[in-house]
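Every read-out reported here was derived from the displayed coordinates using simple, explicitly stated rules and does not represent laboratory data. Source: prediction; values computed, not measured. Cβ placement follows ideal geometry from the backbone for every residue including glycine, while neighbour counts extend to all protein chains displayed.
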């Protein structure tokens, strides 16, 4: 099975339709009619993703988010809210509360499944890094770090630089990132090489009808390049294309705006991607520090016995293969406890 999906909807027909779709895609599906049932279901068996109606008999999707965030077990579960109306303010309120995706009926099945695959994949990667960090901390290889204020850089990439400049000006003062713009060819030249070290945290790729495959090619380049594969990617479609949107998500885009530019929404999404990117970077750095601490003496910076034994094994194997001798020199430093 691909994962566990919890569907929350008071209308039986809606639950059945979604269950059929996800069961056909090899997901395990559980259902709940109310907010109370949903919280109980999450407590008994943690789902990989939650799909909820906006309005529930005993609350709303906003209430669900608030209650889930109070439970450590449920804090990081991705949430998709299905909104029957087309209220832009309600849409933004849901995103601001921490809901990952808001879908308005009718929605495309292909895009829905791609959204779920993307969110579950991202959540699984985060869980894996958190597990590694927890192990390092338990073994004493990592120290608890203080919180940080996310700051970073974003690059808007698209075929029309004037349009991107206009978008940037509309979001000025709301973004917690420094922004630049580039056309696709320029971005490929700058960021498509393995030598570049001046890498932004977030890429916003703008896809219009002129050459969407060029944007997908750039996305594939970002995700295959070691220096940019961890960058967050938001794809903005000028004109909705469900198949292209699903393809972008399956290729590694972290988020999608299928209905064009909305300043407040794009600001929310870029800031959210930045927070997740910074958090992931922090976890990876702590794991690297933990691995280094596992083989190094913290006082001198010299490698320790654990490192020495593994290297001696490798040298001994090489000696057998090449019939060449090797020598081990051991130095004993007297009275080192006066320093240590």
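When DSSP beta bridges are limited to those with both residues in the chain, what percentage is antiparallel, rounded to the nearest 5?
Just about 10 percent of them are antiparallel.
What residues of region 250-264 lie in the reach of a label at residue 160, counting those whose backbone N is under 14 Å from a point 7 Å from the Cα along Cα→Cβ?
260-262
For residue 284 paired with residue 225, estimate the spin-label separation in nm (one decimal), with each label point 7 Å from Cα along the Cα-to-Cβ line.
Once both label points are built, they end up 1.4 nm from each other.
Once all Cα-Cα distances of region 150-304 are split into 10 Å bins that start at 0, what whole-number percent is in each one?
The distribution over region 150-304 is 11, 39, 31, 11, 7, 3, given as percents.
How tilted is helix 212-224 with respect to the longest principal axis of the chain? Cα atoms for both, answer in degrees (0 to 90, nearest 10).
Approximately 30 degrees, to the nearest 10.
Shape verdict for the chain, please, from the Cα gyration tensor: rounded (a/c under 1.5), prolate (a/b greater than b/c) or oblate.
prolate
Only Cα pairs within less than 10 Å get springs; with that Gaussian network setup on the chain, which residue of 30, 52, 210 has the largest fluctuation?
Among 30, 52, 210, the largest GNM mean-square fluctuation belongs to 210.
Taking Cα pairs under 8 Å and at least six residues apart, what relative contact order does region 161-276 come out at, in percent?
27
Compute a Gaussian network model of the chain, connecting alpha carbons closer than 10 Å, and tell me which residue from 297, 109, 165 fluctuates the most.
297
Distance in nm between label sites at residue 275 and residue 86, each 7 Å beyond Cα in the beta-carbon direction?
With each label placed 7 Å out from Cα toward Cβ, I get 3.0 nm.
Once Rh for region 1-94 is found with the Kirkwood sum over Cα pairs, what is the Stokes-Einstein diffusion coefficient at 20 °C and 1.002 mPa s, in µm²/s?
Reported coefficient: 160 µm²/s.
For Cα pairs less than 8 Å apart in space and 6+ apart in sequence, what is the mean separation divided by the residue count of the chain, i.e. the relative contact order in percent?
Here the relative contact order equals 12 percent.
Hey, what number do you get for the chain at 222 nm if only DSSP H runs of n ≥ 4 count, each worth -39500 (n - 2.57), divided across all residues, to the nearest 500?
Calculated at 222 nm, the ellipticity per residue is -15500 deg cm²/dmol.
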